[in-house]
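Working notes for the structure below.
Only the coordinates and a few stated rules stand behind these numbers; no lab work does. Here the structure is a predicted model, which means the values were calculated and not measured. FYI the Cβ positions are ideal-geometry reconstructions off the backbone, even for glycines, and counts take in every protein chain you see.
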Amino acid sequence: MKTLALILMCFLIASQFFTKTALAAMKVASKKVSISGKLDVATVQDLKKWSDLEETSCPALCAEVVEIPHSYICSFKTKTEMNNTLLRMGFFTGTADGYVKGTLVSNSESALNMYKKVVGGHTLTSDDIIAFRLAANASSNTSSKLNDQESDFYSNIITNISSQSTDSKYAIIAFANDASNYEVIVGHEINHASFYLQPTYKKAAKQFWQNKVSHEDKIKIRSILSKIYNAKDDNIIVDEFQAYLTQLDEKNNPLAKFIPKYKQKLMKNLGL
């Protein structure tokens, strides 16, 4: 990463996969990706393959998701590159335990090292992405300013999405190619994007939590999620509850014991 000319974040899609003419770098891909694989378009698996084939100077490849308008999925070559780019933004959203929304942690924050090991995916909303950049730029603490990866992310991905999106509200979904369970991670993060971008989906999830989940189970679920997440924020708890309950992997799931009782009913309420 000697200069921006190396293009840390790219929207260049390999010509052999999309068209005979390669798309220009730094542009949002003209082709979209299907998360269900049921449509006659490229899939997340295809995106991962294209990302792997890109040069090391392009560690993230992104495409718009067909099923959820204004959502973009980014395939990072490694979890390290992904979290170096997005983890501080995750803290800023107030999702992490012990960090309220709007907290700008420095690049030297000790908690980052622990979370870099466990965080396998991200979903970031346009509201938080914009607010994080403003906070970092305004900070008088040099260590809290945008790092190189974050700067390139804004310059080469967010700028392109913002300029080409027909809606100011969007979500960025990210996963790492070196994760063995990347498909599970993608499904989980897609659920978060639906919660943010689709009002009907969010309303159904909140109503299910409020009316269908027992008081005793709410306490247990909140306790389990509090090991990683900010359990004091009801919005975060409901969002994580619906994301875990409806993801593909049921065994390696912190809320696995609640799946038999709630999953099918929740999915029906969400229209899945």
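Considering only 123, 85, 61, whose Cα is most displaced toward the positive end of the charge dipole of the chain, charges sitting on Cβ of Lys, Arg (+1) and Asp, Glu (-1)? Positive-most Cα among the choices belongs to 123.
Using C-alpha pairs under 8 Å with a sequence gap of at least 6, the mean separation divided by the residue count of the chain gives a relative contact order of 18 percent.
Averaging over all projection directions, find the projected area of the Cα convex hull of segment 116-180 and quote it in nm² with one decimal place.
Numbers: hull surface 22.1 nm².
Averaged projected hull area, Cα only: 5.5 nm².
At a 10 Å Cβ-Cβ cut-off, how would you order 117, 218, fewest neighbours first?
On the way: 117 10, 218 16.
With the fewest neighbours first, 117, 218 line up as 117, 218.
So how tilted is helix 79-92 from the main axis of the chain? Cα-based, degrees 0 to 90, rounded to 10. For 79-92 against the chain, the angle is about 60 degrees. Exposure proxy ranking for 88, 133, based on other Cβ atoms within 10 angstrom of each Cβ and starting from the fewest, stands as 133, 88.
Considering Cα pairs under 8 angstrom that are at least six residues apart, work out the relative contact order of segment 224-272 and quote it in whole percent.
Here the relative contact order equals 29 percent.
From helices alone, the chain scores -14000 deg cm²/dmol at 222 nm; the rule is -39500 (n - 2.57) for each run of n ≥ 4 DSSP H residues, then divide by the residue total.
Using Stokes-Einstein with the Kirkwood hydrodynamic radius over Cα pairs, what translational diffusion coefficient do you get for the chain at 10 °C and a viscosity of 1.306 mPa s, in µm²/s rounded to a whole number?
Details: Rh = 19.2 Å.
Once the numbers are plugged in, D ends up at 83 µm²/s.
Restricting to bridges with both residues inside the chain, how much of the DSSP beta-bridge set is antiparallel, in percent to the nearest 5? Mind dumping the intermediate values first?
Values: 11 of 22 bridges.
Around 50 percent of the beta bridges assigned by DSSP in the chain are antiparallel ones.
If you take the Cα centroid of segment 75-137 and the Cα centroid of segment 175-213, the two points sit 18 Å apart.
Here the scattering of segment 157-239 is modelled by Debye summation over its C-alpha atoms, one equal scatterer each and no solvent; at q = 0.14, 0.16 Å⁻¹ the log10 of I(q)/I(0) is -0.66, -0.82. Quick one: helix 199-212 against the long Cα principal axis of the chain, what's the angle to the nearest 10°, folded into 0 to 90? Its long axis makes an angle of about 30 degrees.
Taking a ≥ b ≥ c as the square roots of the Cα gyration tensor eigenvalues, segment 198-270 comes out rounded, since a/c falls below 1.5.
Which lysines, on any chain, are close to residue 101 with Cα under 21 Å apart, when same-chain ones fewer than 8 places away are left out? Within reach: 116, 145, 169, 202, 206, 227, 232. Sorting 82, 114, 267, 89 from the fewest to the most surrounding beta carbons within 10 angstrom yields 114, 267, 89, 82.
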